[in-house]
1. Looking only at segment B:241-263, which residues are buried (at least 24 other Cβ atoms within 10 Å of the Cβ), more than 7 Å from chain A (Cβ to nearest Cβ) and either not in a helix (DSSP H, G or I) or not aliphatic (A, V, I, L, M) (or both)?
2. Could you run through segment B:263-274 and say how many residues are modelled with pLDDT of 85 or more and more than 13 Å from A:Ala60 (Cα to Cα)?
3. Would you confirm whether or not segment B:89-99 contains a residue that is part of a helix (DSSP H, G or I) and at pLDDT below 85?
4. Does B:Arg266 satisfy being within 30 Å of B:Val106 (Cα to Cα) and away from chain A (no Cβ under 14 Å)?
5. I'm trying to understand the selection: among the residues of segment A:1-31, which are more than 16 Å from the chain's Cα centre (by Cα) and more than 7 Å from chain B (Cβ to nearest Cβ)?
6. Answer yes if at least one residue in segment A:19-33 is of a type outside the set (Gly, Ala, Ser) and under 30 Å from B:Pro415 (Cβ atoms), and no otherwise.
7. Is it fair to say B:Arg115 is of a type outside the set (Asp, Glu), touching a Pro at 6+ places or on another chain (Cβ under 9 Å), within 14 Å of chain A (Cβ to nearest Cβ) and at negative phi?
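The values are calculated or read from the model by the stated rules, or taken from the named source; none is laboratory data. This is a predicted model, so every value here is computed, not measured. Backbone-built Cβ (ideal geometry, glycine too); neighbour counts: all protein chains shown.
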Amino acid sequence: MMPGRTNAFISLGTFLLFGILTHLVASLWGFDNPMDYPLIMGLPRWVFLLLVVGSIVQLAVQIIYALTLFKDEGAGS
Amino acid sequence: MTTTLIFVMYLVLMVLVGFVASKYIKEENFMVDFYTAGRSLGPIIIGLTVISSFVSGGAIIATPGTVYEMGYSTVLYESVSVAYALVVVGVVGLRVAQLGRRFNAVSMPDLFRKRYGDTAALICTVLILLVLFPYMAVQFIGVSRVLQAVVGLDFSLGVLITAGVVLVYISFGGMLAQAWTNTIQALIMITAVLLGAIGVLWHFGGFTPLTEALAARGPDFVNAHGNGNWLPTALYSFTYSPILVGFATFGAPHVVTRFFALRDTRNFKLILIISAVACFIWFPLLQVVGAGSVAMFPNLEHSDLAFPALATQLFHPLLAGIVLAGIAAAMMSTVDAMLITVSVSVTRDLFQRLRPDASPKLLRLIGTLSTVVAAAGAAVIALNPPSYILAIVQVALAGLACTFAIPLLGALYWPRATGRAAAWSMIMGFTVLYLLYLPGPFQHPLGIHAAGWGVTASLVSLVAVSLLSEKPSQKLVAEFYT
């Protein structure tokens, strides 16, 4: 197995998945009438989901990934 | 006065670090010591230098500035910003570190030469020079504009001072100076952004007044389209942000170069965690800073001044000085990474190819001279500044994404990729991008940003030309992919 290929697939795939999910959220609630419901913590719902929830999820997923699936394979030192 | 003093102390510290680092460069081992810090850097320093060289003025100045101009749509544009580390570290970092050590490579063109041959390496070198020069100039413009607004320093003098300081510490200490200064700069940047965001939320008592201030400027400031409908659709936004910035992150030669300096690849996961945490602190909080500036300064002369104006208004001059140093640090840490990249491209990838027997002393002279010329060239461009930093940053980022990302991926992971295909991939990505950027009927066809088309052109060229040309040798494939 080529060194690093699994890491690359998971990393790029996860990154693009984040992109798709955040743009899905924006499509549902961001483009039209974003203020038409109560604000969450003072932010429109789509902004709250992207800025607060999205950031925390992205950080958590990366830390969990680094500590579990990410392989320091082929150390090359 | 206190603000200026803090900023001057920061500049002096950077120069001192450069002098100390110069003591560790041995002339007989100049190429490796100067351009890869003797391959001696650990994961914590690499993690901070990777991210600080990527987080430029485009992030620390333009993110609050973009919120100021475009409202909350910036949140969508930067919706995957916390995951930038994932692509640069997870996709390319580990392999670049491994292959750099295996083939004694010190730069992206150097790696391309081993994998693709001389022609692709030469094209890579020329395109690096073309793309990075305006990007460096923009960093000088950013620092100088901030200095002009905050401490009243003449713009041209600001360009000369910042260019001079970066030039001194890089030409003396090379990559080691860059690594040490970048680590300090990253910590100052984190402090500055934390101060800015906490200051805004403390001052306003929460997000509600910020949202109301944005909504008061118009409905487009709180929806995902943004002011002037700059993100018309989700598809356009997707190709503008995750594709553009994500691919630019791992296609950026000045970021990739960091991994050649890694001591070993054990604990590589630590680099990913450190980079992710830094992005988590920087990007979302910079958007809070931007929203605060909208509420506090509805009539700023220029949106690039949003963060500096906020810092001087909210904080004691001492803290304002730290914030100012943080803003300067973001730009200087990017420009020093680019200077090293330009310097190694000229010294290793052009001069040493022409004069393989050049002495270490001569190589050091060429390395220093190329650094001086690159800094001076960027400073000259900066002395005639454009009006809006973000525009130039975006063009340069798109250039990185469309030119280098795909051939680099091919070199790292696709045994079938050929040298001819890599050359065409760089040329086509670069050409298609800039053709579609030009004003006219072909801008952003089918609602897809030019960067999406550029990356596609680069990918199609790499795959098609590879399949039509002779396979790389078994020996090369075995060396690279096992």
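1. B:Phe247, B:Thr249, B:Phe250, B:Gly251, B:Ala252, B:Pro253, B:His254, B:Thr257, B:Arg258, B:Phe259, B:Phe260, B:Leu262
2. Summing the residues that are modelled with pLDDT of 85 or more and more than 13 Å from A:Ala60 (Cα to Cα) in segment B:263-274 gives 3.
3. No; the residues of segment B:89-99 include none that is part of a helix (DSSP H, G or I) and at pLDDT below 85.
4. no
5. A:Met1, A:Thr6, A:Leu28, A:Trp29
6. Within segment A:19-33, one or more residues are of a type outside the set (Gly, Ala, Ser) and under 30 Å from B:Pro415 (Cβ atoms).
7. The answer is yes for B:Arg115.
The rows are residues; the columns are (1) modelled with pLDDT of 90 or more; (2) among the hydroxyl-bearing types (Ser, Thr, Tyr).
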site: B:Arg416; (1), (2): yes, no
site: B:Met426; (1), (2): yes, no
site: B:Leu438; (1), (2): no, no
site: B:Phe442; (1), (2): no, no
site: B:Pro445; (1), (2): no, no
site: B:His449; (1), (2): no, no
site: B:Thr456; (1), (2): yes, yes
